[in-house]
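Written out below as structure tokens is the structure these notes cover.
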Amino acid sequence: MAEAKPEKPPVQDRWHAVPMLKQEPKVRAHNFNEVALGYTEEQALAEASRCITCPNPGCIKGCPVELDIPAFIKLIKEKKYDEAILKVKEKNSLPAICGRVCPQEEQCQKLCAMGKKGEAVSVGRLERFVADLELQKGVAALPIADSTGKKVAIIGAGPAGLTAAADLAKLGHKVVIFEALHLAGGVLVYGIPEFRLPKRIVQAEVDYIKKLGVELRSDALIGRLFTIDDLFEQRFDAVFIGTGAGLPQFMRIPGENLGGIYSANEFLIRVNLMKSYLFPEFDTPIRVGKHVAVIGGGNVAMDSARSALRLGAEQVCIVYRRSREEMPARLEEILNAEEEGIICKFLAAPIRFIGDESGWVKAIECIAMELGPPDESGRRRPIPIKGSEFIMDVDTVVVAIGRTTTKGLETTRWGTIVVNEETGKTSLERVYAGGDIVTGEATVISAMGAGKKAAKAIHEYLTNKTKSTQK
Amino acid sequence: MYKIVAKRELAPKIKLLEVSAPDIATKTSPGQFVILRVCETGERIPITLVDSNAEKGSITLVFNEVGKTTKQLGLLDQGDNIPNIAGPLGNPSEIQRFGTVLCVGGGVMIAPLLFQVSALRKAGNEVITVIGARIKDLLIFEKETKELSEEFYVATDDGSKGYQGLDFLKDILGKRHIDRVIAMGPVVMLKTVSEMTKPLGIKTMVTLTPIMVDGMGMCGACRVTVAGETKFACVDGPEFDGHQVDFEQLIKRQKMYLPEERLSALFHERLGGVKLG
């Protein structure tokens with residue numbers, strides 16, 4: 001294991017969170033091992049002891065899956081780790097994943113009472129601690145209700161689909177997940193890099209969901225292999241669509257199809273799903289040059305930039321059209337990237353890509369921006385400054401300006417599916433949807449929250465239907 | 001897992017596999033493709049579907065052993081399994097009664113062309129077929145294609161059989177009324193055919209086979225400029241109007257990973273080039 005040090009010198013008082021060990025920036029910038037190393041038992045106990053078990057806890061309200069946070073932390077304090085993870089899994093079937101990638105600072109931790117005077121309790125780190133402990137020891141399956149004889153098809157094995165599948169399986173329904181790719185996990189396997197979310201963790205949590213009796217069918221692209229009507233013909237009683245926002249967006253500027261220009265999706269699929277960082281042991285290649293530009297300011301841009309660095313780039317520059325304050329990426333990820341040596345070029349946007357004779361990108365022409373009044377997203381709108389064009393020499397570009405959805409059903413003008421927010425019910429009878437396919441690109445945990453809501457609605461529909469047919 | 005039920009060598013390094021894939025078999029139409037992986041460390045490669053048999057529950061794939069993955073695939077025998085096949089992907093070809101259709105197929109793509117020729121005949125078209133290869137030994141499905149076509153021509157790059165090169169197509173195009181041209185083969189061939197038909201205003205559909213990763217619209221590795229707009233060959237194609245395709249760009253994009261492809265093939269050979277598992 002690489003040399004590790006605390007992210008900041010530990011302060012021993014109740015207002016400061018126990019820091020988590022991380023790989024040193026200089027070391028981790030050259031490997032794909034996990035950056036954050038997790039709590040030891042001693043650290044977990046110290047952090048858990050900071051939770052004051054409020055009578056009216058804000059953290060639960062901040063959690064999209066309404067995890068009983070004070071209860072599981074109390075069990076950690078009592079060293080009842082097995083019970084703590086069971087408490088977590090009552091609401092969250094993917095705890096080792098959420099403990100790593102949830103934006104806790106925007107959710108549970110934002111509403112923590114301790115956060116009013118000091119630092120919030122590190123809910124995510126504690127969740128990760130009990131989840132990792134269980135994965136080390138071997139996962140115990142939760143009790144499953146008697147079979148209802150009902151069958152549910154889940155389309156897409158990402159966070160929304162896996163969560164819906166787990167909840168429905170626990171309620172006694174037969175669940176089959178149809179996944180288009182060869183591996184389950186969706187964005188957890190193709191999008192989020194190994195150094196932030198090790199794929200063995202995803203695999204372990206998928207295995208747990210299979211243990212609940214969920215059947216997984218990979219290589220099955222619904223729409224082509226089967227239509228939704230085919231699924232009803234195959235005697236599924238309900239369908240949940242959790243296909244995500246998988247379509248990359250490009251900027252529609254000249255030169256975008258030159259060699260060396262990747263969508264963030266292609267770049268990350270090659271690196272994460274196809275493991276091209278292990279080429280040629282793994283067959284899928286990736287080409288990263290010396291000077292890499294990543295266009296965009298979200299978590300996907302951070303993931304792409306940090307991956308490029310690990311693949312041997314000498315310089316990686318994030319080009320973002322607004323300023324650091326408006327960056328949609330998690331602050332923690334921006335800090336991680338900066339520590340590793342990623343450079344940010346703020347208030348700039350590409351207007352054209354310039355290629356060499358072989359059709360490979362060699363430079364970007366950018367234009368400088370200034371910030372105007374806020375737009376509909378509430379962030380200040382970037383406005384190009386006339387005559388401010390400049391050239392940036394690059395040999396690799398990753399376009400990380402967002403993903404969109406495939407079409408189908410009643411959709412919004414962004415191509416997302418229209419649903420009832422409480423139930424996930426679509427315009428089609430017996431068809432539900434949730435996650436990025438409904439909201440557009442969002443977070444893992446919000447997709448899981450949507451999967452949970454839909455599972456509840458599907459369960460109610462299926463059990464009511466049973467009652468009415470019995471009459 | 002998808003079991004190989006039959007294997008044939010059609011020409012040196014060109015192999016045919018019939019694979020058990022009952023669900024895919026019921027949904028396959030000419031023009032579509034699959035993405036497959038031969039092993040756990042393997043890449044995802046697209047292969048155009050050549051035939052399907054819903055009753056037997058099988059699909060047929062024909063490929064040329066050019067890179068590591070196709071070489072590994074070629075080492076598999078009847079009874080062996082392919083771990084992953086996703087499909088059918090891409091849009092089916094437009095098959096209707098056009099009138100007289102000129103079908104041009106080159107190299108390994110003669111195989112899926114035969115699938116189209118057969119469908120076009122069933123739809124009531126008169127079909128003129130031209131098949132070509134580098135040398136005569138690499139010509140495949142000559143007999144089958146000939147039997148299905150009203151008129152039939154052979155061409156080779158070196159002139160070892162039939163016409164040398166594709167120049168003679170100009171004569172056919174000049175002599176006859178042709179309603180539509182369909183071309184499947186190497187990009188250079190698609191470009192040549194499209195350039196010949198463009199001045200004559202004959203609608204020409206070309207099947208593009210760019211580099212793909214997921215093959216489902218997620219990555220954009222297969223993007224191609226058609227009529228000035230970026231399209232994804234996997235979900236918007238793979239067939240496009242040949243008069244609108246930016247072939248120069250496509251040719252460059254196909255060469256993007258040549259050094260890595262060579263390294264990968266070398267790596268395969270160093271490890272003995274043996275069958276997996």
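Laboratory data are not the source of any read-out in this text; all were calculated from the coordinates shown. Since the structure is predicted, the reported quantities are computational estimates derived from the model, not experimental observations. Note: ideal-geometry Cβ built from the backbone for every residue, glycine included; neighbour counts use all protein chains shown.
Observations on the structure shown:
- Using the Karplus relation 6.51 cos²θ - 1.76 cosθ + 1.60 with θ = phi - 60°, the per-residue 3J(HN,Hα) values for segment A:317-326 come to 10, 8, 9, 10, 7, 10, 9, 4, 4, 8 Hz, with x marking Gly and Pro.
- Of all DSSP bridge pairs formed entirely within segment A:259-393, close to 60 percent run antiparallel.
- For segment A:289-348 versus segment B:175-197, the spacing of their alpha-carbon centroids is 46 Å.
- HN-Hα J in Hz across segment A:178-188 - Karplus 6.51, -1.76, 1.60, θ = phi - 60°, x for Gly and Pro: 9, 10, 6, 7, 7, 10, 7, x, x, 4, 5
- Look at where the Cα atoms of segment B:140-157 and of segment A:168-185 average out, and the two centres are 47 Å apart.
- The overall shape of segment B:1-142 is oblate: from the C-alpha gyration tensor, with semi-axes ordered a ≥ b ≥ c, the ratio a/c is 1.5 or greater and a/b is no larger than b/c.
- Once the GluC sites (Glu not before Pro) in DSSP loops with at most 15 neighbouring Cβ atoms within 10 Å are cut out of chain B, the longest remaining piece is B:151-277.
- Centre-to-centre, using Cα atoms only, segment B:1-75 and segment B:252-274 are separated by 20 Å.
- Per-residue Karplus couplings for segment A:247-258, computed as 6.51 cos²θ - 1.76 cosθ + 1.60 with θ equal to phi - 60°, are listed in order as 8, x, 9, 10, 8, 6, 10, x, x, 5, 9, 5 Hz, Gly and Pro entered as x.
- Extended-chain gain in nm, criterion 0.36 nm per residue less alpha-carbon gap, A:ILE383 and A:SER49: 115.3 nm
- Contact order relative to length of segment B:39-118, as percent, for alpha carbon pairs under 8 angstrom and 6 or more apart: 32
- Nitroxide proxy distance, nm - points 7 Å out along Cα→Cβ at A:GLU41 and A:GLU365: 6.4
- Approximating the spin labels as points 7 Å out from Cα along Cα→Cβ, the A:ALA71-to-A:GLU314 distance works out to 5.8 nm.
- The protein assembly as shown, helix-only ellipticity at 222 nm - DSSP H runs n ≥ 4, -39,500 (n - 2.57), divided by all residues, nearest 500: -8500 deg cm²/dmol
- Tilt relative to chain B, helix B:110-122 - C-alpha long axis, 0 to 90 degrees, to 10: 50
- Exposure proxy ranking for A:HIS30, B:HIS177, based on other Cβ atoms within 10 angstrom of each Cβ and starting from the fewest, stands as B:HIS177, A:HIS30.
- Residue of B:GLY67, B:GLY90, B:GLY185 that the Gaussian network model of chain B assigns the largest fluctuation, springs spanning Cα pairs under 10 Å: B:GLY67
- For chain A: relative contact order, % (alpha-carbon pairs under 8 angstrom, 6 or more apart): 15
- Amide hydrogen proximity for B:ALA155: with H placed 1.01 Å from N in the peptide plane, the residues at 5 or more positions away or on another chain lying under 5 Å are B:ILE131, B:GLY132, B:ALA133, B:TYR163.
- Sites B:GLU94 and A:ARG14, calculated FRET efficiency, Cβ-Cβ separation with R0 60 Å, nearest 0.05: 0.25
- Average beta-carbon neighbours from other chains, 10 Å sphere, peptide B:217-227: 6
- Cα gyration tensor, chain A - rounded (a/c under 1.5), prolate or oblate: oblate
- In this structure the amide hydrogen of A:LYS345, modeled in the peptide plane, comes within under 5 Å of the amide hydrogens of A:ILE318, A:VAL319, A:TYR320, none closer than 5 places in sequence on its chain.
- Most mobile of B:ARG121, B:ARG262, B:ARG134 in a GNM of chain B (Cα contacts under 10 Å): B:ARG262
- DSSP H segments from chain A that extend 24 Å or more along their own axis, Cα-based, with Kyte-Doolittle mean of -1.0 or above: A:444-470
- Entries in A:LYS210/B:LYS3; B:LYS71/B:LYS231; A:LYS61/A:LYS91; A:LYS22/A:LYS116; A:LYS22/A:LYS137 that, when Cα-Cα distance is taken, lie over 18 Å: A:LYS210/B:LYS3; B:LYS71/B:LYS231; A:LYS22/A:LYS116; A:LYS22/A:LYS137
- Antiparallel DSSP beta bridges within chain B, percent to nearest 5: 60
- Measuring nothing but how far apart in sequence close Cα pairs (under 8 Å, 6+ apart) lie, relative to its length, segment B:141-277 scores a relative contact order of 16 percent.
- Cβ-Cβ distance of A:ILE354 and B:ARG262, R₀ of 25 Å, FRET efficiency by 1/(1 + (r/R0)^6): the value works out to about 0.35.
- Taken along the Cα-to-beta-carbon direction at a fixed 7 Å, the label points for B:ASP241 and B:GLU147 span 3.7 nm.
- Förster radius 22 Å - calculated FRET efficiency between A:GLU460 and A:ALA145, Cβ distance, rounded to 0.05: 0.95
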